[in-house]
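Notes for the one structure printed next.
The values are calculated or read from the model by the stated rules, or taken from the named source; none is laboratory data. Keep in mind that this is a model prediction, so the values were computed, not measured. Please note: Cβ atoms are built from the backbone with ideal geometry, for glycine as well, and neighbour counts cover all protein chains shown.
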Amino acid sequence: METTPEGNMAPQRSWWSRNWKWAVPVGCLGLMASCGCLAVLAGVMGWRTITNNPASTQALEIAKADSEVQAVLGTPIETSPWKQQSAVSYKDGQSTAQSTIELDGPKADGVLRMDAVKVNDQWTYRVLQVEVPGQEPIDLRDKAGGPPSRELAPPTPPAPVQGSPDDEGQDDEDTADEGDGKSDINL
């Protein structure tokens, strides 16, 4: 039996040259899968942050517990995470949150609108109302410990048109200008 001087000492190809045909696709797929998992994880965490922010959660609890909202929408009041729009921002040490959440009730459907700012670790609502089509908005800020609802002034009656029948019995002193340049209206 003759052995060649090279025998087992013959140079072998490297691992890469023998395995590159399967290592390249597996490496690329692994890299893409890792990026995909990271993107899904970031999306889930972002979604949970937006939909589960304390301001929106508290506003939703207040709206569901309110007797006026329950009377208009009926009970139970349902929501869906797919039917809400939220924005949360943090700038210069101040957190703000805006949210619009669709409310579905057996009697009617409405929209909860919320705009809040975080002051001293507590959310203060600038807007917190339920809007139902065909009705006045239901203001819930007083139930959230926010600023009281602003009382709106009664609407101003329209000015009478000159020459109209309503104008006949009025004196001219109501519309006459005295010429002193001062108004009789005290604010």
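Some notes on this structure:
- Listed by first and then second residue, the pairs linking a residue in region 33-47 that is without any contact (Cβ under 8 Å) to a residue 40 or more places away in the chain to a residue that is part of a helix (DSSP H, G or I) and surrounded by 10 or more Cβ atoms within 10 Å (Cβ to Cβ), with Cβ atoms under 8 Å apart and 6 or more places separating them unless they lie on different chains, are TRP47/PRO81.
- When the test is whether a residue is touching a helix residue (DSSP H, G or I) at 6+ places or on another chain (Cβ under 7 Å) and closer than 17 Å to LYS64 by Cβ, GLU131 does not pass it.
- The condition of being closer than 18 Å to LEU128 by Cβ and out of contact with any strand residue (DSSP E or B) (no Cβ under 9 Å at 6 or more places or on another chain) holds for only one of GLU68, GLU61, that being GLU61.
- Here VAL88 fulfils each of the conditions (1) surrounded by 11 or more Cβ atoms within 10 Å (Cβ to Cβ); (2) within 17 Å of ALA116 (Cβ to Cβ); (3) without any contact (Cβ under 8 Å) to a residue 24 or more places away in the chain apart from (3).
- Filter result for GLU61 (surrounded by fewer than 12 Cβ atoms within 10 Å (Cβ to Cβ), modelled with pLDDT of 80 or more, under 30 Å from ALA108 (Cα atoms) and out of contact with any Pro (no Cβ under 6 Å at 6 or more places or on another chain)): yes
- Index of the failed condition, VAL117 passing every other in (1) surrounded by 10 or more Cβ atoms within 10 Å (Cβ to Cβ); (2) assigned by TED's automatic domain parsing to the domain that holds ASP139; (3) more than 23 Å from the chain's Cα centre (by Cα); (4) at pLDDT 85 or above: (3)
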